[in-house]
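Worksheet: one structure, shown below.
Only the coordinates and a few stated rules stand behind these numbers; no lab work does. The model shown is predicted, which means the values in this text are computed figures rather than measured ones. Because the Cβ atoms are built from the backbone with ideal geometry, glycine has one as well, and the counts that use them run over all protein chains shown.
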Number of protein chains: 2
Amino acid sequence: MSFHTHACILSTGDEIITGQLLDTNSRYLAEQLTSLGISIVEFAAVPDDLDALVHTLRRLASRAPLLIMSGGLGPTEGDLTRHALAVATGQGLVTDEAALRHLTAWLAGRGRTMNERQARQALRPSGATCLPNAVGTAPGLHSRIDSPTPGSAGTDVFCLPGPPGELSSMWLASVVPMLRPEPSRVVATRLLHVVGIPEADLVTRLGPLMKRDRVPLIGVTASQGVLTIRLRMAASTGSAQAEQALDADEATLRELLGDHLFGRGQDTLPAVVLSTLRDRHETLATVESCTGGLLGALLTAIPGSSASFAGGLLTYSNDLKTRLAGVDPALIAAHGAVSEHVASAMAAGGLHATGAHHAVAITGIAGPDGGSPAKPVGTVCIAHAWQSKSGTSGPTAPVSVDVRRFRFTGDRDDIRQRAARTGLAMVYFQLFGRPLSEPRLLWQLDAPK
Amino acid sequence: MSFHTHACILSTGDEIITGQLLDTNSRYLAEQLTSLGISIVEFAAVPDDLDALVHTLRRLASRAPLLIMSGGLGPTEGDLTRHALAVATGQGLVTDEAALRHLTAWLAGRGRTMNERQARQALRPSGATCLPNAVGTAPGLHSRIDSPTPGSAGTDVFCLPGPPGELSSMWLASVVPMLRPEPSRVVATRLLHVVGIPEADLVTRLGPLMKRDRVPLIGVTASQGVLTIRLRMAASTGSAQAEQALDADEATLRELLGDHLFGRGQDTLPAVVLSTLRDRHETLATVESCTGGLLGALLTAIPGSSASFAGGLLTYSNDLKTRLAGVDPALIAAHGAVSEHVASAMAAGGLHATGAHHAVAITGIAGPDGGSPAKPVGTVCIAHAWQSKSGTSGPTAPVSVDVRRFRFTGDRDDIRQRAARTGLAMVYFQLFGRPLSEPRLLWQLDAPK
């Protein structure tokens, strides 16, 4: 038997193809296959249409020795996967007696009786085998589509149910044990996360490291102010060698990027900031205007955040900037609510109100309205205040403040997401005790005033 | 010119094909195309590989008169869409001077200078036109791929940037005006949003309305505590007839569902609550523990929320429940931070601290740790406090409080999202002045104590 070196993924369903449902199955399968060292050649999705399904099954089978399909196994008239597989493999449909018994028992256990539509789910192409469904009614299918090339091994096709819980359970229980990834062909991957450099500058710094034919292959993805560097190497000579190559590249990247590189793998910026604070026995508070709670929500999405996140103030209206954070109304009148002065006063007021060691304050214009020529939509002032002497707090404790003005791009959501992450980046850089050279952070406009 | 009767959608990106990133663009484009009456024939996604891109562009162009592609327009070497389109159309790459000037100005406005990699983004196939990017650097592309069939009109190809905000803005501004949907081929759809009924109960109430062969077709999707009923009818005989049929169904559904039906179309629960408050000249404040800012973030995601959202308190630690919301520490000691008593005190304290007319307080156990047999993970107490007499505020004003205990299912994120939306639902039902009969809201455990 040949190895499953690469694979295609196929989804079927009108609800996917009309945009009603987001296809999360293909992503799950892609992650799983990638981690097994099986490269993905193509994703496809087609409507619930017999001709389209048969054509696409055959086309994808000619592209890879493994084809994983999801959807179309339910009891409705729109569920055509069984029929399409029968046509594509040139077989008739037969009832699988074991599957029928299982289906009858499953329904009986829920006080229901079999109807004609449900019985369709026990049909299979005569040469296919059924895969048991531990959490639903529809069994999966496994078959082979012969290669048109004589002597070639053909393609293993696995058809899985569309509901994600049924798909993942059947994948792990029935499909993974039947896969034949090439034993020596490990794909080693590593993710490194970077903040505070624009994507184009990062790419320039990396230079020849990003050549498309380089091994390991290095790529960059940007998401809401955080850049992720992906290292990837198909390790045909064994995983130890691949890991060594990735280690060497990671060391080079750390050298090049310094403290801009804040994490690896599943690390996130909120988690890194929270765990650093926890190790230092320090707490963080937030004072949010234009982000309106988004920064707090990002921090508290991390399990265990209560060890270092104290809480904060949502000072959305000017009145609450004064009532809750003690910002002098004269300061707002003189400089506007979106100003370095007000951001600093919000942060200092947040420290005082909460007794935390650090406070991040965000005030800006998220749009779509409210911009002006001097302060266009996307203008955001962020201040980080911290107790200069550890162990002291209260109105007389010495407080340091770093404040910056940014101009973020994108729509309201982008601006808010970037503002929240940039606030975290300011805390991160200060925590690591390195001076903030200019220009240090993405989209920064001016030096502090 | 022929009509754009059907279309294919293509995504490119190693991060999609390896499962690192979920492809939400294809779904957005599919929804948009479907609403214009353009059928989707196929989705495909391929790696950042020139041969695969060229092959797939040509293959999909032969399947439909319209092809929408996303991704691969950034500044890195892995961004190959321009090159692939040039090869697929048999053209050379040239620099688009207008795009280059725009790019230079965009960077200059942010205090940055152009580098060689960024300049790549102004390249286009010689016969293509650039589509302006209002919110980012990479312009889109529009070109035609000729049909191999003589006399056939060929395929319009639109290449859009991968970041969703850039894609949707370019889609609406530049692509939609150039589309030629068939005028008589309308698909009429309607969305109705429901809160406070479990999905299975809703399906039972709808009964025969949900038959798969019914016209209009009615379906239900559940998301984070809100149910959406989708009505859909292909109106080959004209849109007026279809709209009449949808109107009749909507009237039936309103009769069946009463005030559980809170909105239609693009309405969201936060937007409906905010606009109702605005019309009444009332304001809302939030006091969040386990949701940590998520409710505030949901409200302030709505443009114009400042008209009725005042701000709030993130009382994540017990200390801040007392410092910021004035909750008596003895109450926390006696009943626990997750209790009806503490939720009520938080909400009343929030009214007092902010001067708002309404305050919603949320305290619960989002997990994965912190549960107990008496209060398992998912236990959340939510209180809504409001000033009983309009026009009065301050510590002596009469305050009414409604408090409920819930048990939400799912992971940390699910529990927090459902808690935030249930808090909004409590305000929504109270605003509409109807008594809250039991059991009114999803997952509710007990009557108030």
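When you look at the Cβ of every residue in B:75-81, what mean number of other chain Cβ atoms sits within 10 Å?
Numbers: counts 7, 12, 11, 9, 2, 1, 0.
Mean number of neighbouring Cβ atoms from other chains: 6.
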Angle check, please: helix B:239-257 long axis (alpha carbons) against the longest principal axis of chain B (alpha carbons), in degrees 0 to 90, nearest 10.
20
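Net charge around residue B:19, counting only other residues with Cβ within less than 9 Å of its Cβ (Lys, Arg = +1; Asp, Glu = -1)?
That sum, taken over residues with Cβ under 9 Å, equals -1.
Give me the percent of Cα-Cα pairs in the stretch A:1-158 that sit more than 23 Å apart, rounded to a whole number.
That fraction is 39 percent.
Using DSSP to call loops (not H, G, I, E or B), can you name the trypsin sites (Lys or Arg not before Pro) in the stretch A:202-263 whose Cβ has at most 15 other Cβ atoms within 10 angstrom?
Details: sites: A:205, A:211, A:212, A:214, A:230, A:232, A:254; in loops: A:211, A:212, A:214.
Of the trypsin sites (Lys or Arg not before Pro), the ones in loops of the stretch A:202-263 whose Cβ has at most 15 other Cβ atoms within 10 Å are A:211, A:212, A:214.
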Say the dipole of the stretch B:1-67 comes from +1 at the beta carbon of Lys and Arg and -1 at that of Asp and Glu; which of B:22, B:37, B:2 then lies farthest toward its positive end?
B:2
Share (percent) of C-alpha pair distances in the stretch B:186-264 greater than 20 Å works out to 27
Distant-in-sequence amide H partners of residue A:94 (H built 1.01 Å from N, under 5 Å):
A:124, A:126
Cα-Cα pairs of chain A separated by more than 32 Å (percent):
54
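What GluC sites (Glu not before Pro) in the stretch A:1-80 are in a loop by DSSP, with at most 16 other Cβ atoms within 10 Å of the Cβ? Working shown, then result.
Details: sites: A:15, A:31, A:42, A:77; in loops: A:77.
Qualifying residues, ordered by number: A:77.
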Report the extension gain between residue B:281 and residue B:388 in nm, rounded to one decimal, defined as 0.36 nm multiplied by the number of residues separating them, less their alpha carbon distance.
37.1 nm
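Summing +1 for each Lys or Arg and -1 for each Asp or Glu, what net charge is found among the other residues whose Cβ lies under 12 Å from the Cβ of residue A:140? Don't jump to the answer; show the numbers that get you there.
Details: positive: A:82, A:124; negative: A:96, A:166.
Every neighbour counted, the sum reads 0.
Work out, step by step, the length gained on full extension between residue B:228 and residue B:62: first 0.36 nm times the residue separation, then minus their alpha carbon distance; give nm to one decimal. Provide the component values of the computation, followed by the final result.
Numbers: separation 166, 0.36 × 166 = 59.76 nm, distance 3.64 nm.
Value of the extension gain: 56.1 nm.
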Inside 10 Å of the C-beta atoms of B:363-371, what's the mean count of C-beta atoms belonging to other chains?
1
Any idea what angle helix B:50-61 forms with the longest principal axis of chain B, computed on alpha-carbon atoms, 0 to 90 degrees, nearest 10?
90
Using a 7 Å offset from Cα along the direction of the beta-carbon, what are the separations from residue B:113 to the same position in each other copy, nm, ascending?
8.3
Under a point spin-label approximation (7 Å from Cα along Cα-to-Cβ), what is the residue A:146-residue B:413 distance to one decimal in nm?
4.6
Residue-averaged beta-carbon neighbours from other chains (10 angstrom radius) around A:7-19
4
Mind pulling the angle between the C-alpha long axis of helix B:412-431 and the longest principal axis of chain B? Nearest 10 degrees, somewhere in 0 to 90.
70
Per residue, the convex hull volume that the Cα atoms of the stretch A:81-199 enclose (Å³):
202
Total charge of the residues flanking residue A:295 in space, meaning their Cβ is under 13 Å from its Cβ, with Lys and Arg +1 and Asp and Glu -1, is +1
At residue A:132, with labels set 7 Å past Cα in the Cβ direction, how many nm apart are the copies from this one, shortest first?
6.3
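Could you compute the FRET efficiency for residue B:113 and residue A:98, with r as their C-beta to C-beta distance and R0 at 56 Å, rounded to 0.05?
Details: r = 69 Å, r/R0 = 1.23.
It comes out at approximately 0.20.
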How big is the charge dipole of chain A about its Cα centre, in debye rounded to the nearest 20, if each Lys and Arg gets +1 on its Cβ and each Asp and Glu gets -1 on its Cβ?
560
When you have a sec, figure out the Kirkwood radius of the protein assembly as shown from all distinct Cα pair distances and drop it here in Å to one decimal?
29.6
Sequence order, the stretch A:15-29: Karplus ³J(HN,Hα) from phi using 6.51 cos²θ - 1.76 cosθ + 1.60, θ = phi - 60°, Hz rounded, Gly and Pro as x, gives 5, 7, 6, 8, x, 5, 10, 7, 7, 8, 5, 4, 5, 4, 5
Along Cα-to-Cβ, 7 Å out, sits the label point; list in nm, shortest first, how far the one on residue A:373 is from those in the other copies.
7.2
